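Before any comments, here is the structure.
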C-alpha cells in the first residue's frame, strides 16, 4: 500500500449553464521520500486535484466519487478528518508568497500559532522550534528575524517562511502549488533545492504542481501529465520527458524551448498528432503588397546612450535625499540595428520594463539620450518629434487580459490605430486592412465581431500583435509577450513572431526573464542586473561562453529540461 | 422585441443574480409601478388635483374609506382643499422623480467628468478638484442645497420663483451630490489608467481626451451606476426635505415633501391621513430604490460574484 493513494477521483464544477469536469478518473499514488510532479496547461485541473486532497475545493465544485487515502485512512469528502490532518500531516505551499502570509502578524506569531494548534507545546518551546525551522529553511539570523513582519522579507525569503510554516507541524506530505512561479531564477533554484533536501532529510512525500517542464526535469522523480481534467500519461520523469507516448505529452515536450541549442521554429502537433510544418502565416496578403517590403540595410535604428532613470518619491519631508530616489536604470547603453531581434534579459527589478517604457516614449529618461533613426526621442525642445515616430514604434504587452479594452470589439481595437494615424482613410480600406491583419496573425475573420473576453490568452496575444502591426511599425517592443501563456501556446506565438519578422523585416526588442525563450528568439542579447548592463553579446556567444559572472550564474541556475540524464 | 431584450438580460450573469434575488425583483416591481403611475398620472389618477373644476371645498378633510365618514370616491381621503389624496400623491411623485432623475444626471455629468479628468491628468488640477470635494463633503448635503437655493432666491424675482423652483432644486441637489461621483470615478480611473490597453493607446498616440472618454469611461461605468441608483433615492429625499422646510415646491404644485408639510399642520387635529400617506409613499419609493442599489452593488462587484 502506498503512502498516498488517489483512486478514480471525479471532481465536478456545476455552473448555471453546464457541468465542468475538472477531474475525471484521476488516480495516482505517492511514496515517502518521493517527489511527484503534476504538470499540465492552464485549465488542466492540476490545482483542483491538489485542493481536493485537502478538501479545499471552492464552491460550486465538489468531489463526486473516488477515494483519497493517506496512510490507509480514507478522507475523501470527510471534513472532520481532513480538518485534523490539514496542516498537521499535510503542509501546503501556495504560489504567491506575497499573499499567503498575513501582513498584520509577525512571523513569530504566525509560526507559533500554527505549531500550537497542532502540537502540544508551550509558548517558549514553540518559539524555540520556530527559530530552528527558520534556520532549517535557510534564513540567516532567525532569532532576530522572527520578530519581523512579512513585508520586511523579500519574495524568496517569504517563500522560505511559507515552507517553514508548511513543515512546522512535521507533516508527512507537502503539496506545493506552483511554489516558484512568482520567483526569479536564482531564488527558484534555491527553493527547489531546499524542497529536495527536506524530502530526503524528513522522508516526506512531496507533490509539486507546475507548468514549467524545467522545474519538473530538475526536481521530480515521477510525473503526472494532465489535460482537461484527465491524466494523459504518468510515469518516471526521465521516461516521460525523453520518450513521451501520448500526443498531448509529445506536444507539451516539443513546445518547451530547448536551453542548449537554437532551433529555427518550434515543431507543433495538431490534436490528431500530425506535424504542422508549414508556417502558420500566409503573408501574400494585400496589406503586404500595399506596404511593400522594407529593405534590410543593417542601419542603426535605435541608439540608447548612457540612459539613467531615477524614480523620486516626491517626499516633502525627507531626512536623506538620496534614499528617497530609486535608480531604475544606471547609464544603460545599447544599439539595435534594423532587422535584428534584440533581447533584454534580467530578473525582476532589473529595469527591463523601464527601458521598454522609455523607448516607447511613455516615460522620459532622467539623463542620457535615445535616438531613433538619429533623431532624439526625448528632446525637451522639440515635443513634436514624438508624433513623427508615432506608429513606427509599437509594443506588445505581457498581460493579454488587460492589454485589450474589454468594451471594444476586436475589429475596433485593430482599426483604431489605423484611423488615428491615417486621418483621411476610407472605411472600405480600413476594413480591408483589418481583415488582412487578422489573417496575418492567423485568426478567423469571424472573431472581428466579438469582444476580447471571448478569447483565450494566446488568441488575445494574437489580437494584440495585430493591433501593434496596424501602424506598420519598424520597431516592435515585446515586453514578456509569452510569460502569461502556456508552453504550447507560447511556441505558437513565438513562431508567429519569427514568421512576421522574416516577412515584414521587423526589428524586435524582445524583453524576457526566460533565458531559453531569449535563446530561441534573439540575435543579440543584453543582460541586465539592477539597472546596470552586465554584458551585451550575440546570443549564441552569450550562452556558449558567458563572460560576466552574473550571466554565468543565471545560465547555471536556470532549470533545464535537458538536465535529466 | 422587448420580451427578447428582457430574455437576453436574464441570460447574463447579472440577470441570473437578479432572477434569484427576491428583494431585487420586488423592489424593481414597486419602483416601476411608481414610475409608470407618475408618468401616466393623467390616466391613472382618479382626479386631476390641479383642475379647479374637479375639486370642491365641500369634500375637504374626507377620511380614507375604511374610516367612518369615508367616501367611496376618495379612497385615501382628501386634504384641506378637497383634493383627492391618491391623485395628489401620484402627481406629486411625478415632480419628485423628475427632480431626482434630473439632479442625479446633473451631478453625474459634473462629478464623472471632473473625476475622470483629475484621475487621469493628475498634478495640480487633481489636487484642486479633490480638495474641493473634501471641503464639500464636510458640509451636509441638505445645507449645501439650502445654500444654493438661498443664493438663487436672491437672484430670481419673487414672481418668477415659483416657476423656476424646479430648475433651482435640480441644480441645488445636483451640486450637493457630485463629490461622490468625482471620488469614485477618480479612484476607478487611477486603477484603469495603468492597465496595458491604456498604455497601448498612448503608444499609438491617441489624445488624452479620446483615451479618457472613449477608453476609460466605458470601463468605469459600473460603480457610477451603483452610486447613481443610491444617489437617486438620496436626491428624492433631499428634495422632499427642502420642500418640507418650505424652500422647495410651492403649494400650487406640490411634491411629496410639500404634501407632508401641509399634512403636518393637521396631524394633531385628527386628520392624520393628509401627512401619513405621502410620507409612507416617500418611504416606499426611497426604500425600493435603495434595495435595488444594494443588490446592484453586490451583483456588479466581481469579488462577490460567486455568492
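The values are calculated or read from the model by the stated rules, or taken from the named source; none is laboratory data. Note that this is a predicted model, so its numbers are computed, not measured. Cβ coordinates were reconstructed from backbone atoms using ideal geometry, including for glycine residues, and neighbour counts include every protein chain displayed.
Things worth noting here:
- Among the residues making up region B:203-228, those that are facing chain A (nearest Cβ under 10 Å) and free of Cβ contacts under 8 Å to residues at least 12 places away in the same chain are B:203, B:204, B:205, B:206, B:207, B:210, B:214, B:218, B:221.
- When residues of region A:66-87 are limited to those that are modelled with pLDDT under 80 and closer than 14 Å to residue A:174 by Cβ, the one surrounded by the most Cβ atoms within 10 Å (Cβ to Cβ): A:85
- Selection over region A:393-429 of residues that are more than 9 Å from chain B (Cβ to nearest Cβ) and farther than 13 Å from residue A:461 by Cα gives a count of 14.
- Qualifying residues in region B:186-197 (those that are within 12 Å of chain A (Cβ to nearest Cβ) and in contact with a helix residue (DSSP H, G or I) (Cβ under 6 Å, 6 or more places away or on another chain)) - the one surrounded by the most Cβ atoms within 10 Å (Cβ to Cβ): B:192
- Within region B:49-70, the set of residues being closer than 25 Å to residue B:251 by Cβ, surrounded by 13 or more Cβ atoms within 10 Å (Cβ to Cβ) and without any contact (Cβ under 8 Å) to a residue 40 or more places away in the chain comprises B:54, B:55, B:59, B:60, B:62, B:70.
- Evaluated against (1) within 29 Å of residue A:256 (Cβ to Cβ); (2) within 12 Å of chain B (Cβ to nearest Cβ); (3) not in a helix (DSSP H, G or I), residue A:468 falls short on exactly one condition, (3).
- Boolean, residue B:152 is touching a helix residue (DSSP H, G or I) at 6+ places or on another chain (Cβ under 9 Å) and touching a residue at least 40 places away in the same chain (Cβ under 8 Å): no
- Listing of helices (runs of 4 or more DSSP H) fully contained in region A:474-565 that carry 1 or more residues being closer than 26 Å to residue A:226 by Cβ and in contact (Cβ under 8 Å) with a residue 60 or more places away in the chain: A:487-504, A:515-521
- Residues being modelled with pLDDT of 85 or more and surrounded by 15 or more Cβ atoms within 10 Å (Cβ to Cβ) - total across region A:365-378: 7
- Set B:85, B:1: member being more than 14 Å from every other protein chain (Cβ to nearest Cβ), surrounded by fewer than 13 Cβ atoms within 10 Å (Cβ to Cβ) and over 16 Å from residue B:229 (Cβ atoms): B:1
- Qualifying position, being over 21 Å from residue A:100 (Cβ atoms) and touching a residue at least 24 places away in the same chain (Cβ under 8 Å), among A:155, A:229: A:229
- Residue that is surrounded by the fewest Cβ atoms within 10 Å (Cβ to Cβ), among those in region A:113-125 that are in contact with a helix residue (DSSP H, G or I) (Cβ under 7 Å, 6 or more places away or on another chain) and either more than 27 Å from residue A:207 (Cβ to Cβ) or at pLDDT below 85 (or both): A:123
- Criterion: in contact (Cβ under 8 Å) with a residue 12 or more places away in the chain, more than 20 Å from the chain's Cα centre (by Cα) and part of a helix (DSSP H, G or I) - qualifying residue of B:200, B:187: B:187
- Evaluation of residue A:14 against (1) over 29 Å from the mean Cα position of the chain (by Cα); (2) more than 14 Å from every other protein chain (Cβ to nearest Cβ) (one fails), failing number: (2)
Listed here are the residues, each with its yes/no results for (1) under 23 Å from residue A:301 (Cβ atoms); (2) buried (at least 21 other Cβ atoms within 10 Å of the Cβ).
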site	(1), (2)
A:392	yes, no
A:396	yes, yes
A:427	no, no
A:449	no, no
A:455	no, no
A:464	yes, yes
A:476	yes, yes
A:484	no, no
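- Filtering region A:345-361 for residues that are away from chain B (no Cβ under 14 Å), part of a loop (DSSP other than H, G, I, E, B) and either more than 30 Å from residue A:187 (Cα to Cα) or at pLDDT 90 or above (or both) leaves an empty set.
- Meets criteria (buried (at least 17 other Cβ atoms within 10 Å of the Cβ), touching a helix residue (DSSP H, G or I) at 6+ places or on another chain (Cβ under 6 Å) and assigned to a loop (DSSP other than H, G, I, E, B)) for residue B:249: yes
- Number of positions in region B:252-285 that are under 30 Å from residue B:152 (Cα atoms), at pLDDT 90 or above and surrounded by fewer than 19 Cβ atoms within 10 Å (Cβ to Cβ): 2
- Condition broken by residue A:419, with the remaining ones in (1) assigned to a helix (DSSP H, G or I); (2) surrounded by fewer than 17 Cβ atoms within 10 Å (Cβ to Cβ); (3) in contact (Cβ under 8 Å) with a residue 12 or more places away in the chain satisfied: (3)
- Number of residues in region B:3-53 that are within 22 Å of residue A:16 (Cα to Cα) and either in a helix (DSSP H, G or I) or under 22 Å from the mean Cα position of the chain (by Cα) (or both): the value is 21.
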